[in-house]
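Below: the structure, in structure tokens.
The values are calculated or read from the model by the stated rules, or taken from the named source; none is laboratory data. A quick note: this is a predicted structure, and the numbers were derived from the prediction, not measured. Quick reminder, even Gly has a Cβ in these numbers, built from the backbone with ideal geometry, and neighbours come from all protein chains shown.
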Amino acid sequence: MTSRIQSFEEFWPHYLGEHRHPTSRRLHFLGTTSFVAACAVSTLQSPVRFPLALCAFGAVFAHGLSREKHGRPLAHVAAMLVAPCAVAPITFPAGVVAAYACAWVGHFQLEGNRPATFQYPLWSLAADFRMWSHMLRGRLWSGDPLEELGLAGTPASSPAPR
């Protein structure tokens with residue numbers, strides 16, 4: 001059995017290393033923006049219940065992040081989806097599907113790798129939002145993301161255990 005990455009800060013360079021192709025990062029940006037837009041539409045449709053559902057999503061997500069180093073917290077992933085899907089059964093799942101479809105096209109067609117979400121689902125989600133926030137601020141649109149953020153040569157920027 002291979003060892004797991006033990007912290008999100010160690011995972012972050014690995015995540016960026018799996019997203020070296022600029023078009024792949026752009027697809028991730030498109031997918032995450034689609035997810036955020038779906039959440040906005042869901043909020044407009046249910047202005048009280050959907051934000052409460054997102055609070056439940058966030059609470060389970062936060063707890064699951066602390067469990068990621070021990071193994072895939074798939075129960076957390078499932079629990080995160082329950083409340084938002086119950087409140088917005090069309091728009092929220094559509095946002096999730098759009099986000100993963102865009103990302104997986106980037107991985108399978110451009111990067112030629114397996115998405116990190118298969119081994120680290122919650123850290124991958126957190127890292128995706130971190131990458132998205134950098135892109136919102138005009139960073140990571142081209143070139144090597146590890147070099148741009150000064151993380152080239154870090155131990156986790158090389159292939160991690162699967």
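Counting the residues of segment 22-47 that are out of contact with any helix residue (DSSP H, G or I) (no Cβ under 6 Å at 6 or more places or on another chain), within 24 Å of Leu140 (Cα to Cα) and either of a type in the set (Asp, Glu) or surrounded by fewer than 15 Cβ atoms within 10 Å (Cβ to Cβ) (or both) gives 2. Applying the criterion of being touching a residue at least 60 places away in the same chain (Cβ under 8 Å) and more than 16 Å from the chain's Cα centre (by Cα) to the residues of segment 132-144, the residue that is surrounded by the most Cβ atoms within 10 Å (Cβ to Cβ) is Asp144. Tell me whether segment 49-71 contains one or more residues that are surrounded by fewer than 20 Cβ atoms within 10 Å (Cβ to Cβ), in contact (Cβ under 8 Å) with a residue 60 or more places away in the chain, part of a helix (DSSP H, G or I) and small (Gly, Ala, Ser). No, the conditions are met nowhere in segment 49-71.
Scanning segment 60-87 for residues that are of a type in the set (Val, Ile, Thr) and in contact with a Gly (Cβ under 9 Å, 6 or more places away or on another chain) yields a count of 1. Filtering segment 108-123 to residues that are over 12 Å from the mean Cα position of the chain (by Cα) and either crowded, with 22+ Cβ neighbours inside 10 Å or small (Gly, Ala, Ser) (or both) leaves only Gly112. So for segment 22-31 (the condition being more than 26 Å from His134 (Cβ to Cβ) and modelled with pLDDT of 95 or more), does at least one residue qualify? Looking for residues that are more than 26 Å from His134 (Cβ to Cβ) and modelled with pLDDT of 95 or more, one finds none in segment 22-31, hence no.
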